[in-house]
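Q: I'd like to ask you about the structure that follows.
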């Protein structure tokens, strides 16, 4: 048998024995599972893992890397490290993606009673782990988060614009959360230490399409968790660039509305409705331009405007609402044709109702169109979700 394989097997056996030692030591109760979600973090993941492994020798520890099938060899690198150290584990996900879902999957797979979630790009200092664990244990908290905005926190590597944006986002988030979380300064934190026993039932309910895992966890918990914060020194990334984009900002807006509606309306329905609102603007502007610019009558301008609005809705929904099933190239064209086909019946109803309103109730183009638009929203959401993007 390969000597390396024998050595690894022996180390795994020793880890298992030590973690079940019970009264013989504290490791059975104080073990840490550190969850590192990754996507193309090959330039930083080895350094982060090595820093975490050197933190402590008196606790059982596992480092669980949840990788979204990175293209830069991240999973292969972690797999090589895991062959040398049994405390490292890798979950390589194919067909599943997203930061929130990676965190959720990692926490559910964790084997120790205390779990840590942190970034794999080096922005969270490994030394903060032990400070947060001490705070958790000494204060009897369910969860301790690292904050970028406490008095002793420091932020390096973020522009003033990003920092100011995060501050505003946190104010809005606190407003939407239960009152006993109003003391928190960083509801968007990616650095968390949790007791899994009280948190796991809530973790299982987290909507993985949400904006930030921590925010979603707080919103779902309805104030049940005892939460504290420690100051973070937020570092520049070791490698690569930030993954913040317009889709992330869109998710934040949807999350706020989702919480404000007591989570009774599905997230996708909220997003679809917001996109529909942009489609209303497109339809109204197109109608106005055709009527004033080209001199067309309302009945001639309306069908063109409806098609323009439907096409706009499809493209924006494809980029934002259903981006986990985003279509490209030939499939994008096919999807647009499907969407227009699905929307054709309510579009005809839209045109018919708007025309009737314009003719019978009053020649007011805006109110006539709004009457038709309201009729078609539910059909378009339900039908296109199922037949265009294949979601239930």
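Q: Going by the structure shown, is residue 321 outside any helix (DSSP H, G or I) and modelled with pLDDT of 65 or more?
A: Spelling it out, residue 321 is indeed outside any helix (DSSP H, G or I) and modelled with pLDDT of 65 or more.
Q: List the number of the failed condition for residue 330; all other conditions in (1) crowded, with 16+ Cβ neighbours inside 10 Å; (2) within 29 Å of residue 247 (Cβ to Cβ); (3) at pLDDT 90 or above hold.
A: Condition not satisfied by residue 330: (1).
Q: Let me ask something else about it. Sort out which residues of region 74-96 are surrounded by 14 or more Cβ atoms within 10 Å (Cβ to Cβ) and part of a loop (DSSP other than H, G, I, E, B), and write them in order of number.
A: 85, 86, 87, 93, 96
Q: Hey, another quick one. Only one of 93, 71, 79 is within 23 Å of residue 194 (Cβ to Cβ), out of contact with any helix residue (DSSP H, G or I) (no Cβ under 6 Å at 6 or more places or on another chain) and modelled with pLDDT of 90 or more. Can you tell me which?
A: Result: 93 is the single residue among 93, 71, 79 that is within 23 Å of residue 194 (Cβ to Cβ), out of contact with any helix residue (DSSP H, G or I) (no Cβ under 6 Å at 6 or more places or on another chain) and modelled with pLDDT of 90 or more.
Q: Another question about this same structure. Of all residues in region 263-278 being in contact (Cβ under 8 Å) with a residue 60 or more places away in the chain and farther than 15 Å from residue 391 by Cα, which is surrounded by the most Cβ atoms within 10 Å (Cβ to Cβ)?
A: Out of the qualifying residues, it is 276.
Q: Okay, moving on. Restricted to region 106-125, and to residues that are surrounded by fewer than 19 Cβ atoms within 10 Å (Cβ to Cβ) and under 18 Å from residue 206 (Cβ atoms), which residue is nearest to the chain's Cα centre (by Cα)?
A: Per the criteria, the residue is 108.
The values are calculated or read from the model by the stated rules, or taken from the named source; none is laboratory data. For clarity, every value in this text was computed on a predicted model and none was experimentally measured. Virtual Cβ from ideal backbone geometry, glycine too; neighbours counted across all protein chains shown.
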